[in-house]
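The values are calculated or read from the model by the stated rules, or taken from the named source; none is laboratory data. The structure presented is a predicted model; accordingly, all values stated were derived computationally and were not measured. Neighbour counts run over all protein chains shown; Cβ positions are idealised from the backbone, glycine included.
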Ligand code: GLA
């Protein structure tokens, strides 16, 4: 018999979601209050004994009409808090009603258990292959006065330490309401002294790991730039102070959404923790008429009892297996050469051909034509929105150049920035109203460009048709979808004044709609995401784009930090990483070519330089790296990642990737600074089969799996900063 994943104690009204790894428990308490009991390591049977202590606390009030002073919604750990219910925590939801009030009082109504997982229409989400791999609990809370119903959706997978959560608000009342805030989840922890881990950053400095003690108060980690942003990735982990890469509890929350987000962590007056994750309530105001419903995006909640590394592995397999849908998700990702840092805007067909020729000789598999091939774009001041080929650069048409690339045996990729418009464009001349702007105000430029009003169907249709014309030639194998500014001048021309608070979210829904249409129409094109590097690197985009350009900072040493932070949540196959020139064009750092290759091989390898200008030695290095990468990419792109050492805390960065059958292992070690008296260091591997023997493919030395894990190997002692070494071990028995 298939084991049930959700059990309900009807009498005590306790819901238990469980698999072999985790349990999630909730119950209905006094006053119909949905109480959070537990999320963590699996418990077999919960006997209902964890009753929240009844304490009379000053200034934490009680249930309406009740004289019981020892029960307060202000202290009880809950599943979903709203404004106006005698709970002073940051509410998960705020709803403005016809009478001007925003008070709700949610009480338990009923529940439903469904096999599998309902689709979230129009939104990216984790999916199921068949209904037996997951079950979903839907607990409905109601507000009797307004007739609003809140369906809290919880899905548990059979084999994953993951709960997904989202909320659907249904207006079954008679009056319209305004949703001013609807978080996708709330979770309250009692008696845990957690620290937060977040991934803040900036353009060319994305996703740097930040770990902090939590003080009393409300801490918000958020974006209101219209995208998930470089500045704060939509991710949060809560860890014990003693949690490390391989030990201790780690709770990870990743938001499957690419727009404004907000993670609120509140340590309250009695040191309980309250966490909300959802669409940012900044400038959010959604009209919900009688009979309408609103579905929030989804949050992936991961629990690990073996530190951050296990948390990351759980996210990696979930995002790869059950968020990505592209037919390329399991395919070996091609080695790319991209002309951006090679030529910037200064190119034409004749200048590009020698790069293609060189790429062919070096074994590179795809040529990506970056920005500047369309309209009359010679710099970043014009042509966004005009997706027709720039005749001056391609006098015989784009197809002619694509044919040339294909004849050399390479695939052909093309850059687009579909969400943008330049003043200096035909699109603007024809449709000035497509540009997102507030009537009567001059919109602010950023990189000399403006946003399209993507919430409007007509605007999306125009861009879809323009792109389709080019893509239906059948000559494009890959798209790099860029987005080089954030939203401002928020206004949707199709909406009335009192609904402008819907604009940010409608923009994201419009973006998803456009991506979905393109995915459906051109399933054979590999889509790579980008937003000035990794400005929209989130689980939502993974649903449409199985890989994303990690950062505009291509310096190998900066990339150690960026890629480590990225790998907390996102799998290696999702990170594109290119070798570029030294001194690096973003930070001027000089690094060995070998190191640049080894660091780029952490993700999907490519080259972002002019191959025709390489020294003989560097050219040899590219050929060697390409050959090597083809041997190992199945493992590096899809294997299990172990972060062994971090450059944040040591003079080295080391990561290991291992094939699922434990047959092959890639180990890379980068040393940061050289020293006159170098310390002797070792690297110990993890996750190998201790009973098998592994041969180093380079030196042919043989080691026991247990030797590599317990004794380790000495790191090379070399002169010079930023030296790196890569090892490839294969099991021989
Ligand atoms: C962004 C991308 C770059 C490049 C440029 C082109 O910055 O991240 O890789 O495509 O745009 O304008």
> Could you say which residue among 589, 536 is assigned to a loop (DSSP other than H, G, I, E, B), more than 12 Å from the ligand (Cβ to nearest atom) and touching a residue at least 24 places away in the same chain (Cβ under 8 Å)?
Replying inline: 589
>> Looking at segment 716-733 only, could you name the residues that are in contact with a helix residue (DSSP H, G or I) (Cβ under 7 Å, 6 or more places away or on another chain) and not in a strand (DSSP E or B)?
In response: 722, 723
> Of the numbered conditions (1) in contact with a helix residue (DSSP H, G or I) (Cβ under 6 Å, 6 or more places away or on another chain); (2) within 29 Å of residue 134 (Cβ to Cβ), residue 296 satisfies every one except a single condition; which is it?
Replying inline: (1)
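Going by the conditions given, is residue 527 away from the ligand (no atom under 16 Å from the Cβ), under 23 Å from residue 474 (Cβ atoms) and outside the structural domain of residue 669 (by TED's automatic domain parsing)?
Values: away from the ligand (no atom under 16 Å from the Cβ): no; under 23 Å from residue 474 (Cβ atoms): yes; outside the structural domain of residue 669 (by TED's automatic domain parsing): yes.
Criteria not met by residue 527.
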> In this structure, does residue 436 turn out to be away from the ligand (no atom under 16 Å from the Cβ) and farther than 17 Å from residue 351 by Cα?
Replying inline: yes
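Here's the yes/no breakdown for (1) more than 16 Å from the ligand (Cβ to nearest atom); (2) assigned to a loop (DSSP other than H, G, I, E, B); (3) not assigned by TED's automatic domain parsing to the domain that holds residue 508:
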{"position": "444", "(1), (2), (3)": "yes, yes, no"}
{"position": "458", "(1), (2), (3)": "yes, no, no"}
{"position": "467", "(1), (2), (3)": "yes, no, no"}
{"position": "474", "(1), (2), (3)": "yes, yes, no"}
{"position": "483", "(1), (2), (3)": "no, yes, no"}
{"position": "486", "(1), (2), (3)": "no, yes, no"}
> Just wondering, is there one or more residues in segment 539-550 that are within 30 Å of residue 673 (Cβ to Cβ) and at pLDDT 95 or above?
Replying inline: yes
> Do we have residue 447 as surrounded by fewer than 16 Cβ atoms within 10 Å (Cβ to Cβ), closer than 30 Å to residue 551 by Cβ and touching a residue at least 60 places away in the same chain (Cβ under 8 Å) here?
Replying inline: yes
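Checking the condition within 16 Å of the ligand (Cβ to nearest atom), closer than 23 Å to residue 308 by Cα and out of contact with any helix residue (DSSP H, G or I) (no Cβ under 8 Å at 6 or more places or on another chain), which residue from 558, 552 passes? Break it down stepwise before answering.
Values: 552 fails: closer than 23 Å to residue 308 by Cα.
That would be 558, the only listed residue that is within 16 Å of the ligand (Cβ to nearest atom), closer than 23 Å to residue 308 by Cα and out of contact with any helix residue (DSSP H, G or I) (no Cβ under 8 Å at 6 or more places or on another chain).
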>> With the structure loaded, tell me whether residue 65 is within 35 Å of the chain's Cα centre (by Cα), free of Cβ contacts under 8 Å to residues at least 24 places away in the same chain and surrounded by fewer than 21 Cβ atoms within 10 Å (Cβ to Cβ) or whether it fails that test.
In response: no
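For residue 424, are the conditions met, namely being over 27 Å from the mean Cα position of the chain (by Cα), in the same structural domain as residue 400 (by TED's automatic domain parsing), under 23 Å from residue 383 (Cβ atoms) and within 16 Å of the ligand (Cβ to nearest atom)? Before the answer, list the steps.
Details: over 27 Å from the mean Cα position of the chain (by Cα): yes; in the same structural domain as residue 400 (by TED's automatic domain parsing): yes; under 23 Å from residue 383 (Cβ atoms): yes; within 16 Å of the ligand (Cβ to nearest atom): yes.
Spelling it out, residue 424 is indeed over 27 Å from the mean Cα position of the chain (by Cα), in the same structural domain as residue 400 (by TED's automatic domain parsing), under 23 Å from residue 383 (Cβ atoms) and within 16 Å of the ligand (Cβ to nearest atom).
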> Can you list the strands (runs of 3 or more DSSP E) found entirely within segment 258-359 that contain at least 1 residues being farther than 26 Å from residue 370 by Cβ?
Replying inline: 261-267, 273-279, 286-288, 293-295, 298-304
> If you go through segment 361-377 one residue at a time, do you hit one that is under 24 Å from the mean Cα position of the chain (by Cα), within 30 Å of residue 25 (Cβ to Cβ) and either within 16 Å of the ligand (Cβ to nearest atom) or crowded, with 20+ Cβ neighbours inside 10 Å (or both)?
Replying inline: no
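Can you tell me which residues in segment 596-610 are closer than 15 Å to residue 631 by Cβ and not in a loop (DSSP other than H, G, I, E, B)?
In the first step, residues of segment 596-610 are kept if they are closer than 15 Å to residue 631 by Cβ; the result is 597-598, 601, 605.
Scanning segment 596-610 gives 597, 598, 605.
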> For segment 378-419, which residues satisfy the criterion of being within 11 Å of the ligand (Cβ to nearest atom) and without any contact (Cβ under 8 Å) to a residue 40 or more places away in the chain?
Replying inline: 379
